[in-house]
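Asker: Mind having a look at this structure? Questions to follow.
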Amino acid sequence: MYQGMYHHVKKLMYTVRVDTPDPKFGNMLLEQFGGANGELAAAMQYSIQGLNCDDPARKDMLMDIGTEELSHLEIVGILARMHLKPMKTSRKAAEADPLIAIAGGGGVGLCNSMGDAWTADYLKVTGELDVDLRSNIAAEARAKIVYERLINFCEDPGTRDALQFLMTREITHMMAFTAALESLGKDRFSIGKIAPTAGLVDQYFNDSTGDGDRGDADARGPWNEGANWEYVPAPAFQEFKSERQGTRTTDSLATLADAVGAGSGSEHPEKKRAASAQAAELKHAKSKKEN
Ligand code: MN
Ligand code: MN
């Protein structure tokens, strides 16, 4: 059995003070009110995930944080209203956001800074707890960076204090979601129940290869070398190692030269140049493997 009810406590989570209203900044604040990474989206995402969650401990956390986001929505809404207020009477102020001034009478509407209506499409709810937690960690990172940008564009000390508070809480949430994900004890790359195809899963496909002086060098790093990585140069020109699994061979030089150069029967210089560059790359990859 699960019981719950909402109760609105009239005391604000953080006392809001605006020293100098700035209607243009009020418009920017709407991004965190009804925007893609805003507080309503966060509140709804975590609360709906919580409703779907069969794990009582993490459900509790999702409901706690979802509810806190509603408190943030209230703070942002009040901040935005204070900044937008001059729109009620001043034509110059109204120009900062005609939609809010004319259609909304200077109050906050549930839209982003560009006037786009809030949509449930912003929410990421998969019904798979660990996958949802990853979405939440990313959502908190986005919310943090949006607050940071707002702080950078804000001169008003009272507003900056409130935004610093809100920005900090997003990092707190990110820490909680991360700890909750790790506490599930799942392998980092184990998602769902069906195992990925062995062999294929470790193949890195170098699908964009350079072409002479107009191409950038192919970058290597921990995302495609070391560990179990198998680097496949230009897979489009390689043969199947296993057609059933979809794995590709990693070193068929002849096939590549055929496919790009002579095979097409063309003497096109660009193609020949591409073929020789790729053949050199393959040779390099092969010699590295042999060493
Ligand atoms: Mn928030
Ligand atoms: Mn948050």
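The values are calculated or read from the model by the stated rules, or taken from the named source; none is laboratory data. From a predicted model like this one, the values you see are computed outputs, not experimental measurements. Here the Cβ positions follow ideal geometry from the backbone for every residue, glycine too, while neighbour counts run over all protein chains shown.
Asker: Here is a list: A138, A143. Which entry is assigned by TED's automatic domain parsing to the domain that holds Q45, touching a helix residue (DSSP H, G or I) at 6+ places or on another chain (Cβ under 8 Å), in a helix (DSSP H, G or I) and within 16 Å of ligand 1 (Cβ to nearest atom)?
Answerer: Result of the check over A138, A143: A143.
Asker: May I ask you to verify whether K193 is of a type in the set (K, R), surrounded by 14 or more Cβ atoms within 10 Å (Cβ to Cβ) and more than 30 Å from L30 (Cα to Cα)?
Answerer: It is false that K193 is of a type in the set (K, R), surrounded by 14 or more Cβ atoms within 10 Å (Cβ to Cβ) and more than 30 Å from L30 (Cα to Cα).
Asker: Quick check, is T249 modelled with pLDDT of 90 or more, of a type in the set (V, I, T) and within 30 Å of E128 (Cα to Cα)?
Answerer: no
Asker: Just name the residue that is surrounded by the fewest Cβ atoms within 10 Å (Cβ to Cβ) out of those in segment 69-107 that are hydrophobic (A, V, I, L, M, F, W, C) and closer than 30 Å to F177 by Cα.
Answerer: Going through the qualifying residues, I end up with I78.
Asker: Give the residue, chosen from E74, E95, E140, that is within 16 Å of ligand 2 (Cβ to nearest atom), of a type in the set (D, E) and over 24 Å from K11 (Cα atoms).
Answerer: Criteria check complete, one pass: E140.
Asker: Also: Somewhere in segment 153-165, is a residue closer than 30 Å to P23 by Cβ, at pLDDT 95 or above, within 14 Å of ligand 2 (Cβ to nearest atom) and in the same structural domain as M61 (by TED's automatic domain parsing)?
Answerer: Checked against the condition, which is being closer than 30 Å to P23 by Cβ, at pLDDT 95 or above, within 14 Å of ligand 2 (Cβ to nearest atom) and in the same structural domain as M61 (by TED's automatic domain parsing), segment 153-165 yields at least one hit.
Asker: Would you confirm whether any residue within segment 44-54 is β-branched (V, I, T) and either surrounded by 20 or more Cβ atoms within 10 Å (Cβ to Cβ) or within 13 Å of ligand 1 (Cβ to nearest atom) (or both)?
Answerer: no
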